[in-house]
Structures are given as structure tokens and as C-alpha cells.
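**Student:** So that we are looking at the same thing, I have put the structure below in C-alpha cells.
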Amino acid sequence: MFDFYRSAHEVDSRRARALAAKVLDGELGVDSARVRAELRRRSVRFHLEVDVAGWMGAFAEPLARMYPDSRVVLLLRDCFSWLDSMVDHDLRRLRTWRPDAYYRAKYLQHNDVSAPEEAPLRDAGVIPVAALLRGWTAANRRVLAGVPADQLLVVRTEDLDRSVEALAWFTGVPESTIRPVHANRNPSPTRLLGSVPRSYVVEQAQEHCAPIMEQFWGAGWTDLATRLPQAPPS
């Protein structure tokens, strides 16, 4: 959407993810001299106007403080469709990828165990639903709590195509330079999450995601469970 500007998606990911893992694990303070030095290095080296990467949320608080003229956009996807996407994402890369330090720090800190209802996911090598939903909540909460309100814009993914005007106003650029686009669509969804009882997924979401979901989708947010896939064909 911002390719008119100096923008990049997940640039220098190995270095940044390793640093984010140390922050999430508590090995480094988020406002430590090491973290601030690495963030300054990133800014000087890449000189980006738009820096897009989910793991940059780990540094939301110091970034907002170090660069008070910066603007942070939190792209917020509902926890149900996000969970479905994450299950498919992990399935696609299981053969060639193993969890790195950042993935472990984000999703595996609580030693969650798969429930019997999750047997199809467990058998496919997917981590527990609770672990994924805890990661969703912690990542979004870190940005919501760490960035001052006047520097933060929350955009729900379902509203993105209609948010060009809001994004232009918030970032201070001409609306004509931002184009609505949906990249990285899943061309072949597995629907594996549909093998897990919907009531169980809703129960887990109520336990781990309720405050944020209610804040941005209202009291009836559990109705969005209809976005979960149906069971795959046997």
C-alpha cells in the first residue's frame, strides 16, 4: 500500500527476530541501551519511511519514545481468522522450517499442551491453540499499551480497503499515494482447523483474547467464529 515510499516488508528479519526474542524472553529490557542501539542502527542502515514487520511490535514502546514524530499502524485481525491463517502458515513450512528463538518466545513460553479436541492439529505438528492465541493477545497488547494514543492507529484487516483516507490523514501523506491492495492471499487453505470443534476454539478465544476482541469488535465478537473453516473433506 505504501510502495510509493521507501518501504520494506520484514527486512533484516534474522537479526531483528533474534533481538525481539531476547526482549520477549526477558533477556534484554525493551528500553535497554542494546535495544535502542539496534533500533538506531536499523533506522540509519535502511532509512525506511515505512517499516512493516509483525515482530517490530516487540519494540513498539521504545520506537515511539525514540521517534516521537513516528506513526504506528497496528493491523488487527480477528483472532478466529488469524488462528486459521496461522495453522495453515505453520503447516506449509513444517517440512523446511523449525521454530526459531522468536517463535518460541512468542508462542511456547507457557508450555501449553494440546487438548484431546486438538488431536488433528497435534498430529499434523501444529502447536496448541492456546499457545497461538496467547501469542496473538500478547503481541497486540504490547503495541496497544506501549504506543501513545496520538501516535497509534488501529486498523482492522477487514476494514483495510476502506482505510486509505484514514491512513493518509494519520501518516500525513497524499491519499493518492496509497493504494488498496491485498497481497499474500492463501491460495490453497487446508481447512484443518475445521477439524477442531468450533465450541472449543471459541472457549479458548474467550479465555485468551476476550478483552481485545470486545474492544474492537463489540460484545458479540464470538459470532465471528463463523469465519472458522468447516471441517476438511475426509
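What follows draws every value from the coordinates through simple rules; no lab data is involved. On a predicted model such as this, the values are computed, not experimentally measured, just so you know. So basically every Cβ, Gly included, is an ideal-geometry build from the backbone, and we count neighbours across all protein chains shown.
**Student:** For the stretch 10-70, what does the alpha-carbon gyration tensor say about shape, rounded, prolate or oblate, given a ≥ b ≥ c as the root eigenvalues, a/c under 1.5 as rounded, and a/b over b/c as prolate? Walk me through the numbers before you get to the answer.
**Tutor:** Details: a/c = 1.62, a/b = 1.23, b/c = 1.32.
The shape class here is oblate.
**Student:** Report the label-to-label distance for residue 18 and residue 207 in nanometres (one decimal), using points 7 Å from each Cα along the Cα→Cβ vector.
**Tutor:** Taking the two extended label points, one gets 3.6 nm.
**Student:** Lys/Arg Cβ at +1, Asp/Glu Cβ at -1, dipole of the chain taken about the Cα centre: which of 208, 56, 163 is farthest positive-ward?
**Tutor:** 56
**Student:** Here's another thing I want to ask about it. Cα gyration tensor of the chain, axes a ≥ b ≥ c as square roots of the eigenvalues: rounded (a/c below 1.5), prolate (a/b > b/c) or oblate?
**Tutor:** Values: a/c = 1.76, a/b = 1.39, b/c = 1.26.
Prolate, because a/c is 1.5 or more and a/b exceeds b/c.
**Student:** Principal axis extents for the stretch 69-111, Cα atoms only, whole Å, descending order, please.
**Tutor:** Principal extents (Cα only, largest first): 41, 23, 22 Å.
**Student:** What residues qualify as long-range amide H neighbours of residue 74, i.e. H under 5 Å apart, gap of 5 or more or another chain, H built at 1.01 Å from N?
**Tutor:** Under 5 Å from the amide H of residue 74: 153, 154, 155.
**Student:** May I ask for the net charge around residue 91, where only other residues with Cβ less than 15 Å from the Cβ of residue 91 are counted and Lys, Arg are +1 while Asp, Glu are -1?
**Tutor:** For residues surrounding residue 91, the net value is +1.
**Student:** Could I ask something else about it? Could you list 221, 169 so that the one with the fewest beta carbons within 10 Å of its beta carbon is first and the one with the most is last?
**Tutor:** Details: 221 21, 169 11.
In increasing order of surrounding Cβ atoms, one gets 169, 221.
**Student:** Modelling each spin label as a point 7 Å along the Cα-to-Cβ direction, I'd like the residue 70/residue 200 distance in nm, to one decimal.
**Tutor:** 4.0
**Student:** Report the per residue volume, in Å³, of the convex hull enclosing the C-alpha atoms of the stretch 7-126.
**Tutor:** Dividing the Cα hull volume of the stretch 7-126 by its residue count gives 123 Å³.
**Student:** Can I ask one more? How about the stretch 3-100: which chymotrypsin sites (Phe, Trp or Tyr not before Pro) there are in a DSSP loop, with at most 11 other Cβ atoms within 10 Å of their Cβ?
**Tutor:** Numbers: sites: 4, 5, 46, 55, 59, 80, 82, 97; in loops: 4, 5, 97.
Hits after loop and neighbour filter: 97.
**Student:** Run the dipole for the chain about the Cα centre, Lys and Arg Cβ at +1, Asp and Glu Cβ at -1, nothing else charged, and hand back the magnitude in debye, nearest 20.
**Tutor:** On the way: 31 positive and 30 negative charges, 192 e Å.
Charge dipole of the chain: 920 debye, to the nearest 20.
**Student:** Sticking with this one: Over the chain, what is the relative contact order in percent, taking alpha-carbon pairs closer than 8 angstrom and at least six residues apart?
**Tutor:** Here the relative contact order equals 26 percent.
**Student:** Given a cut-off of under 8 Å on Cα pairs at least six residues apart, what relative contact order in percent is computed for the stretch 128-234? Write down the numbers at each step before the final one.
**Tutor:** Working: 61 pairs, mean separation 36.7, N = 107.
Here the relative contact order equals 34 percent.
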